[in-house]
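Below is one structure, written out as structure tokens, with a few remarks after it.
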Amino acid sequence: AQSVAQPEDQVNVAEGNPLTVKCTYSVSGNPYLFWYVQYPNRGLQFLLKYITGDNLVKGSYGFEAEFNKSQTSFHLKKPSALVSDSALYFCASPTSGTYKYIFGTGTRLKVLA
Amino acid sequence: DAGVIQSPRHEVTEMGQEVTLRCKPISGHNSLFWYRQTMMRGLELLIYFNNNVPIDDSGMPEDRFSAKMPNASFSTLKIQPSEPRDSAVYFCASSYRRELNTEAFFGQGTRLTVV
């Protein structure tokens, strides 16, 4: 069965430090992978996606993600965290041949001042 | 564009009452999704429309739930009768689907509380 996993429920990082939010996937064929962010009382906002090509994908708000086929991972990264980055982050992928997204369980990022 | 618009933002209702949630997708988008978010189950896809036609409703929990999309600019999710376990945040999302790699745009959600 296809799946997307976020192994950490919460990540704490000090402001100014680099951050990583982890995602691993198990999908058949070429994976399409997405990151979304959810701020309190808001809907999900698209951050970035991997389709094909360059393994390092750049997205909104200074975020980037690295696709690693051998490790089946798509970790979200940012060189210098901001307090305003504190939110819930979701990794997602469409199930093979459909438009039905599989979402990870979400990782709560807390950036401490 | 104002984005995906959902109404109401908050709904509190008594068990047994009918609840209708509304969604206006982004103009020009041809796909619409209804999701439910709870702490226990995370994000669940309830139903997916493409060109106003329901394509996949396998996530609709039971017959008490129904969804319609009478035109490209409006969709409803109805729960009748509502139960306390339906309490959740319901999101509507839309996208312009040509390929599987197209991202979706989410509304701000409706927080439903059934007492």
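The values are calculated or read from the model by the stated rules, or taken from the named source; none is laboratory data. This structure is a prediction, so every number in the text was calculated from the model and none was measured. Virtual Cβ from ideal backbone geometry, glycine too; neighbours counted across all protein chains shown.
Considering only residues in region B:96-115 that are more than 14 Å from B:Tyr35 (Cα to Cα) and hydroxyl-bearing (Ser, Thr, Tyr), the one that is farthest from the other protein chains (Cβ to nearest Cβ) turns out to be B:Thr113. Taking region A:60-110 as the range and being within 13 Å of chain B (Cβ to nearest Cβ), of a type outside the set (Ser, Thr, Tyr) and surrounded by fewer than 14 Cβ atoms within 10 Å (Cβ to Cβ) as the test, only A:Gly97 passes.
In this structure, does A:Pro31 turn out to be assigned to a loop (DSSP other than H, G, I, E, B) and either within 11 Å of another protein chain (Cβ to nearest Cβ) or modelled with pLDDT under 95 (or both)?
On the way: assigned to a loop (DSSP other than H, G, I, E, B): yes; either within 11 Å of another protein chain (Cβ to nearest Cβ) or modelled with pLDDT under 95 (or both): yes.
So A:Pro31 fits the description; yes.
Counting only residues that are part of a strand (DSSP E or B) and hydroxyl-bearing (Ser, Thr, Tyr), which one in region B:85-95 is nearest to the other protein chains (Cβ to nearest Cβ)? The extreme case among them is B:Ser95. The single condition among (1) more than 25 Å from B:Tyr96 (Cβ to Cβ); (2) of a type outside the set (Ser, Thr, Tyr); (3) modelled with pLDDT under 90; (4) assigned to a strand (DSSP E or B) that A:Ile102 does not satisfy is (1). Screening B:Ser82 with (1) in contact (Cβ under 8 Å) with a residue 60 or more places away in the chain; (2) away from chain A (no Cβ under 12 Å); (3) at positive phi gives one miss only, at (3). Restricting attention to region B:1-25 and to residues that are within 12 Å of another protein chain (Cβ to nearest Cβ) and more than 12 Å from the chain's Cα centre (by Cα), the residue that is modelled with the lowest pLDDT turns out to be B:Gly3.
Restricting B:Phe91, B:Phe74 to residues that are closer than 18 Å to B:Ser7 by Cβ, modelled with pLDDT of 95 or more and out of contact with any Phe, Trp or Tyr (no Cβ under 9 Å at 6 or more places or on another chain) narrows the list to B:Phe74.
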